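Asker: Pasting a structure below so you can have a look.
Values in this text are rule-based calculations from the coordinates and carry no lab data. As the structure is a computational prediction, the values presented were derived from the model and not from experiment. Here Cβ is always computed from backbone atoms with ideal geometry, including for glycine, and neighbour counts include all displayed protein chains.
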């Protein structure tokens, strides 16, 4: 007859997951993927902000989260892009729209 292995007293055979295990964050609305080409200075700024967020024990954030937050702020503003003549005007129009919000 085969002997059964004994489990020492106070030791569990099965382990429960910790209650405070971080749940996977899910987007509150559907998402889809899109490729956006940025200049090096934009990527550098985003990476600096991600490092800044982690500094001193802060939570790590993704570049996409920063970009989505910037878009959410811009969408809350009253931004009028009609009648643009140059790409350079876009930033100024967005600044005006956000400041006026």
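Asker: Is at least one residue of region 78-100 surrounded by 11 or more Cβ atoms within 10 Å (Cβ to Cβ), touching a residue at least 24 places away in the same chain (Cβ under 8 Å) and on the phi < 0 side of the Ramachandran plot?
Answerer: Checked region 78-100: at least one residue is surrounded by 11 or more Cβ atoms within 10 Å (Cβ to Cβ), touching a residue at least 24 places away in the same chain (Cβ under 8 Å) and on the phi < 0 side of the Ramachandran plot.
Asker: Surrounded by fewer than 11 Cβ atoms within 10 Å (Cβ to Cβ) and touching a helix residue (DSSP H, G or I) at 6+ places or on another chain (Cβ under 8 Å): is that true of residue 35 in this structure? Give the steps one after another, and end with the answer.
Answerer: Numbers: surrounded by fewer than 11 Cβ atoms within 10 Å (Cβ to Cβ): yes; touching a helix residue (DSSP H, G or I) at 6+ places or on another chain (Cβ under 8 Å): no.
It is false that residue 35 is surrounded by fewer than 11 Cβ atoms within 10 Å (Cβ to Cβ) and touching a helix residue (DSSP H, G or I) at 6+ places or on another chain (Cβ under 8 Å).
Asker: Evaluate the following for residue 44: is it part of a helix (DSSP H, G or I) and more than 22 Å from residue 99 (Cα to Cα)?
Answerer: yes
Asker: Can you report the number of residues in region 43-74 which are surrounded by 13 or more Cβ atoms within 10 Å (Cβ to Cβ) and more than 16 Å from the chain's Cα centre (by Cα)?
Answerer: Within region 43-74, residues that are surrounded by 13 or more Cβ atoms within 10 Å (Cβ to Cβ) and more than 16 Å from the chain's Cα centre (by Cα) number 1.
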